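K.L.:
Questions regarding the structure given below will be posed in turn.
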């Protein structure tokens, strides 16, 4: 009996040490990526190539989901607000919820599952097929050549994608509320512009998307680089990227929101 | 894929993203409605500002002519000193009347300026002398009940007076 208890405690300790070790490894890997990103800025073509794969190819899913999220917000907002005779505030509701929360968070979740998983799978497969080892044999640093450009491409494209998500969402809300239902167009825009503050709402939203961009791509490149060099390892790493990114986005969002929007005057 | 096509698409992507940011700032946010460069400031003391907040609009005849930039409490006179920033295009005479109004029943509070007949206009840093405090609902109901009660008392007194 005592032996079983000892084994159980040892198991807990083993897991804690493993996860702390992995966290430290991930942080060191992140720092190393930052240190070695000079090459990718000197050869900007590398980042442009990755911008195409992470940014341009994510455009369709971002635009389409933004449109539908905005349209649903318009419908639901109208349903609730017209009970209080405040249907002209539907623009305010759509814009504030998109700019502050939904734009950054939903765009980051979509980005993690569309681009983050692709980055992990690509780097993981490069590792599984010994391409990274071959690069090292040729004295090419795989972190500088493979990891850093993907990281920076993700960091650059995330705020742009979220901004497009928000603006398309506002347009979707406009389509439903003004064109379909017939809320007054003037009060839709003027109440929105009255309520949405550039520094307080929009800049804070952009800061959020930058943080999410760094978090998602850092997790994606690390999981890919750390993947076990087998087919199973790559698939497991891809799953972990999506799950960890989603949790990181939602957790970070709560922390950022409580710092940014607490005690609004 | 050809390098030039890729460059083109990335260029389109980055420009669309920056365009979306600009649209957010100008069309959705309030950056487009600010004209902070050309404005002058006025102050006014109010007995009670109710729920007035910094950045509340200042309206003349319903048109937004400026914003509230600062609200302070004066410890000597025990009233609120409100600083207004008015667009330079709009000039108001010296005897302008400033009152705190509410848009709609539950709407936000704003300052309404009603122009007087004076020849000279208010200048930068001037103080608005004629002000009207915010309506506080509790005070209004209290006053109404008090009036009603004293009215009833008066009619009761009259009745008893007639009876004698």
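Every read-out reported here was derived from the displayed coordinates using simple, explicitly stated rules and does not represent laboratory data. All of these numbers come straight from a predicted model, not from anything done at the bench.
K.L.:
Viscosity 0.890 mPa s, temperature 25 °C: give me the Stokes-Einstein translational D for region A:36-260 in µm²/s, with Rh taken as the Kirkwood radius over C-alpha pairs.
P.N.:
Diffusion coefficient, whole number: 132 µm²/s.
K.L.:
In addition: Determine by what factor the alpha-carbon radius of gyration of the protein assembly as shown differs from 2.2 N^0.38 Å, reporting the quotient.
P.N.:
Ratio of Cα Rg to 2.2 N^0.38 Å: 1.38.
K.L.:
By how many degrees, 0 to 90 and rounded to 10, does the Cα axis of helix B:137-163 deviate from the longest principal axis of chain B?
P.N.:
For B:137-163 against chain B, the angle is about 20 degrees.
K.L.:
State the Cα centre-to-centre distance between region A:158-191 and region B:50-90 in whole Å.
P.N.:
Computed from Cα coordinates, the inter-centre distance equals 31 Å.
K.L.:
On a 0 to 90 degree scale, rounded to 10, what angle separates helix B:3-23 from the longest Cα axis of chain B?
P.N.:
Helix B:3-23 sits at roughly 10 degrees to that axis.
K.L.:
When the Cα centres of region A:212-260 and region A:110-145 are compared, how far apart do they sit, in Å?
P.N.:
Between the Cα centre of region A:212-260 and that of region A:110-145, the gap is 15 Å.
K.L.:
In whole percent, what relative contact order does chain A give with Cα contacts below 8 Å and a gap of six or more residues?
P.N.:
On the way: 334 pairs, mean separation 81.6, N = 265.
Once normalised by length, the contact order is 31 percent.
K.L.:
Okay, moving on. Any idea what diffusion coefficient region A:172-216 gets from Stokes-Einstein, in µm²/s, Kirkwood Rh on alpha carbon pairs, 10 °C, 1.306 mPa s?
P.N.:
Value of D from the Cα-based Kirkwood radius: 128 µm²/s.
K.L.:
Output the 0 to 90 degree angle, nearest 10, between the alpha-carbon long axis of helix A:148-174 and the longest principal axis computed from the alpha carbons of chain A.
P.N.:
20
K.L.:
Same structure again: How large is log10 of I(q)/I(0) for region A:84-207 at q = 0.11, 0.14, 0.18, 0.23 Å⁻¹ when the intensity is taken from the Debye formula with one equal scatterer per alpha-carbon?
P.N.:
Result of the Debye calculation: -0.54, -0.70, -0.93, -1.22.
K.L.:
Oh, and also: Looking at the P(r) of region B:37-142, how many percent of alpha-carbon pairs lie beyond 20 Å?
P.N.:
Taking all Cα-Cα pairs of region B:37-142, the fraction more than 20 Å apart is 34 percent.
K.L.:
If you count the DSSP beta bridges with both ends in the protein assembly as shown, what percent of them are antiparallel, to the nearest 5? Intermediate values should be presented prior to the final figure.
P.N.:
Numbers: 27 of 35 bridges.
Bridges in the protein assembly as shown are about 75 percent antiparallel.
K.L.:
Determine the equivalent ellipsoid of region A:191-265 by diagonalising the alpha-carbon gyration tensor, then write out the semi-axes as square roots of 5 times the eigenvalues, largest first, rounded to whole Å. Walk me through the intermediate numbers first.
P.N.:
Details: eigenvalues 252, 23, 16 Å².
Semi-axes, largest first: 35, 11, 9 Å.
K.L.:
At 222 nm, what helix-only mean residue ellipticity would chain B give, in deg cm²/dmol to the nearest 500, using -39500 (n - 2.57) for each DSSP H run of four or more?
P.N.:
Calculated at 222 nm, the ellipticity per residue is -10500 deg cm²/dmol.
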